[in-house]
Structures are given as C-alpha cells and as structure tokens.
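In what follows, a single structure is set out as structure tokens and then discussed.
The values are calculated or read from the model by the stated rules, or taken from the named source; none is laboratory data. Since the model is a prediction, treat every value here as computed from it, not as a measurement. FYI the Cβ positions are ideal-geometry reconstructions off the backbone, even for glycines, and counts take in every protein chain you see.
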Amino acid sequence: MAETRILPTTVVGSYPQPAWLVDRAILTRNNVVPRVRLKEIWRVAEDALEQAQDDATLIAIRDMERAGIDIITDGEMRRESYSNRFALALEGVDVDNPAVVQGRMGKPTPVPRVTGPIRRRHAVEVRDVQFLRANTDRQVKITLPGPFTLSMQAKDEHYGDEEALAMAYAAVVAEEARDLKAAGADVIQLDEPWLQARPEQARRYGVKAINRALEGVEGTTVVHLCFGYAALVTEKPSGYSFLPQLADSMATQISIEAAQPKLDLGILSDLSTKTIMLGVLDLGTAEVETPELVAERLRAGLRHVPAERLVAAPDCGMKYLPRERAFAKLKALAEGAAIVRRELGA
C-alpha cells in the first residue's frame, strides 16, 4: 500500500456512474436525492447487477489511479444515493411505506419511517471495502452517512426524541465503521451535510452523535460537510452555519467545500487541531480547472493550514458530472497539488 505524501489528493466519495449502469435521467429527476428505494435507476437486470456494479467500480478505481489521486474510493457505484444504501438496510426502518417530509432543499421528499429500535442486521459495505482493497495498492477510503444526517432523512415514529434517534443511528454507524476498518479501509468518512442545514439541532447534539459514531474507530476519520450537490444546488452561501463546533469532534479530518461557494478560509483557524480536506474543484462549472488554478486555491488554504494538515479534494461528490469532466478535473487536482509540493520542496 502506497504511503500518503504531503498534500495528498482524494475524492469526497462518489464518481460518475456509467450510463450503461444507471439511467441518468432518472438520477436527476425532480432534483431530489433519493432517500427511499429507486430500483428503476438501474439499467441492469437484478441477477446481473452485482457483477455490473463490480465492473463499474473497477472503472472508477482505474480512473482515479490514472488521474493520479492518492486516496481513492469505490466511486459509490453500488449506491442509488450516498445514504440510502446503508440507511435502508437497517432493522426498525419501514422502507415500503415511506412518509413524505420537507427535504433539505424545501421540496416534498419520501423518506423511510422509523417504526422500531434501529439495529444493524448485517454489515452493509464490508464487501465494498474488500473489493476496493483487492483492486488497488493505494490508500482507500469508504464513506458512510453520518448519524445526524440519517436522523434528518427519516420520519421518527418510535423514539419520540430527535437526539435519541440520532444516537440510535450513531450506534449502528459505529458498528459498521469498525467492520469497515477491519476489512481494510484506511480512511472512514461520515457524510454530514445536514449539520449545515439544521444548525440549531446540530449545535445541541451533532458532535455528540458524531463522536458516538466514531467510538472505537482507529486511524483516519473524516466528517464531510457541504451545501449540496452542485448539479442540484446552484446558489450557495459563502459561509457555514455549523463548522467551528467540529473542533470538539473525534474526527481527525474535516472536509469542506470551498471552491464553488468561494468560502472565506479564515474560518479554518477555528479548526486548528484538525486536518482539513479542502474542496478546490468547483463542480458547478463545466470548465475544467487548470492545474495552476488548483495550485492557487491550495496556496490560499496554506495561508491558514500547514501543509502537513491539508488534503486536496473536490468540493463534493462527483456523481452528477459527466465522466470525462470528472476525470479531467481530478487530473487537474493531482497536477495542481504536484505544483505546490514542488514549491514546498516536498
């Protein structure tokens, strides 16, 4: 397994799924990320789906390697969304009779109903990690929906308390994360976009839930915050409503998007104990960044964070991008990081 260099490059999680695997028109329908099953997205018959997903995963792995990315994922090829693969595999969740709630973007969104104690029936993503680990010699990362976000993407009809629901999700996320680490994951990432969307609840128990979810998880752990996929959210604020509080989390890294929202990076001074996974690729533009532009954005980060605590990444997942654009942007990411490494003599 390759050692991580200074200013390592990575992806947030997802990579574009091939058009022969998913119907991309359905993927973007109504601009709503699915919280319940979306079986009609798959173009491959169910009895051949796992093999097709494996093949697509190999494409994602090889693209990341060819682009020069240091820490890679499986591209989330087996997922209908970043969260529902894990969320809908749990006991205590009714996925067949969803409720409809107001989603993060204010749209009516079908979500699963929590009707009993949340428990994990079995490991959900262990095979994903094993397949990834068997097919690359680079460091590998796997992503999980975070407990706060999971609690916001369900209708509680059992616990009767928001914090209790989040902590129940945190317990099963912790079980899964420990199994993923044992299966060979170098990095475990929790995706927590709803911390930004519901800052009042996040301040009350967001960090508590994250810390429970990371309990007993050794090595590098990441919490990713974002404002939403660029393909679905075009207007983004220039600052986070919840970020400095993560200094108290057990996560070793905090992942933020900064390129598209033109984030004031002065906020990073509040996270002085954390490694920062800095978004330096704007996924909201069809333009492919030049390596020099990536380098410029990394230099801006280095004015607030030492090189030893900076990781270069896209703003968010690349699921909704055309594959050619995603690959070109990742190549620019790797080349831009290389420019700055040379300037640092690393």
Checklist entry - Is it fair to say LYS319 is at positive phi, not polar (S, T, N, Q) and not in a helix (DSSP H, G or I)? => result no
Checklist outcome for this item: Matching residues in region 30-45 (at pLDDT 95 or above and surrounded by fewer than 13 Cβ atoms within 10 Å (Cβ to Cβ)) number 1
Next on the checklist: What's the total number of residues in region 204-236 that are in contact with a Pro (Cβ under 6 Å, 6 or more places away or on another chain) and closer than 19 Å to PRO314 by Cβ?
Outcome noted: 2
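Matching residues to (1) touching a residue at least 12 places away in the same chain (Cβ under 8 Å); (2) farther than 21 Å from ALA185 by Cβ; (3) of a type in the set (Asp, Glu); (4) out of contact with any Lys or Arg (no Cβ under 8 Å at 6 or more places or on another chain):
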position	(1), (2), (3), (4)
VAL223	yes, no, no, yes
PHE227	yes, yes, no, no
GLY239	yes, yes, no, yes
ALA258	yes, yes, no, no
THR285	yes, yes, no, yes
Next on the checklist: So, THR109, is that one among the β-branched types (Val, Ile, Thr) and part of a loop (DSSP other than H, G, I, E, B) or not?
Outcome noted: no
Checklist outcome for this item: Of the conditions (1) modelled with pLDDT under 90; (2) over 22 Å from SER151 (Cα atoms); (3) not charged (D, E, K, R), the single one that TYR229 does not satisfy is (2)
Checklist entry - What about VAL280, is it surrounded by 18 or more Cβ atoms within 10 Å (Cβ to Cβ) and closer than 19 Å to GLY228 by Cα? => result yes
Checklist entry - Considering region 47-84 alone, what residues qualify as being within 30 Å of PRO112 (Cα to Cα), in a helix (DSSP H, G or I) and of a type in the set (A, V, I, L, M)? => result ALA48, LEU49, ALA52, ALA56, ALA60
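Pick from LEU49, LEU7, LEU58, LEU27: which is surrounded by fewer than 20 Cβ atoms within 10 Å (Cβ to Cβ) and touching a helix residue (DSSP H, G or I) at 6+ places or on another chain (Cβ under 8 Å)?
LEU27
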Item to check | Lone qualifier among VAL44, VAL100, VAL36, VAL93 - being outside any helix (DSSP H, G or I) and farther than 21 Å from MET152 by Cβ | outcome: VAL44
Next on the checklist: Which count do you get for residues in region 103-117 that are under 22 Å from the mean Cα position of the chain (by Cα) and free of Cβ contacts under 8 Å to residues at least 60 places away in the same chain?
Outcome noted: 1
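Identify, please: which residue in region 57-95 is of a type in the set (D, E, K, R) and more than 16 Å from the chain's Cα centre (by Cα) and is, among those, nearest to VAL172 (Cα to Cα)? Steps first, answer last, please.
Initially, region 57-95 is screened for residues of a type in the set (D, E, K, R), giving 62-63, 65-66, 70, 74, 76, 78-80, 85, 91, 94.
Now narrow it down to the ones that are more than 16 Å from the chain's Cα centre (by Cα): 62-63, 65-66, 70, 91, 94.
On the way: ARG62: 31, ASP63: 32, GLU65: 32, ARG66: 35, ASP70: 29, GLU91: 10, ASP94: 16 Å.
The extreme case among them is GLU91.
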Checklist entry - Do the conditions hold for GLU163, that is, is it at pLDDT 95 or above, out of contact with any strand residue (DSSP E or B) (no Cβ under 9 Å at 6 or more places or on another chain), surrounded by fewer than 24 Cβ atoms within 10 Å (Cβ to Cβ) and part of a loop (DSSP other than H, G, I, E, B)? => result no
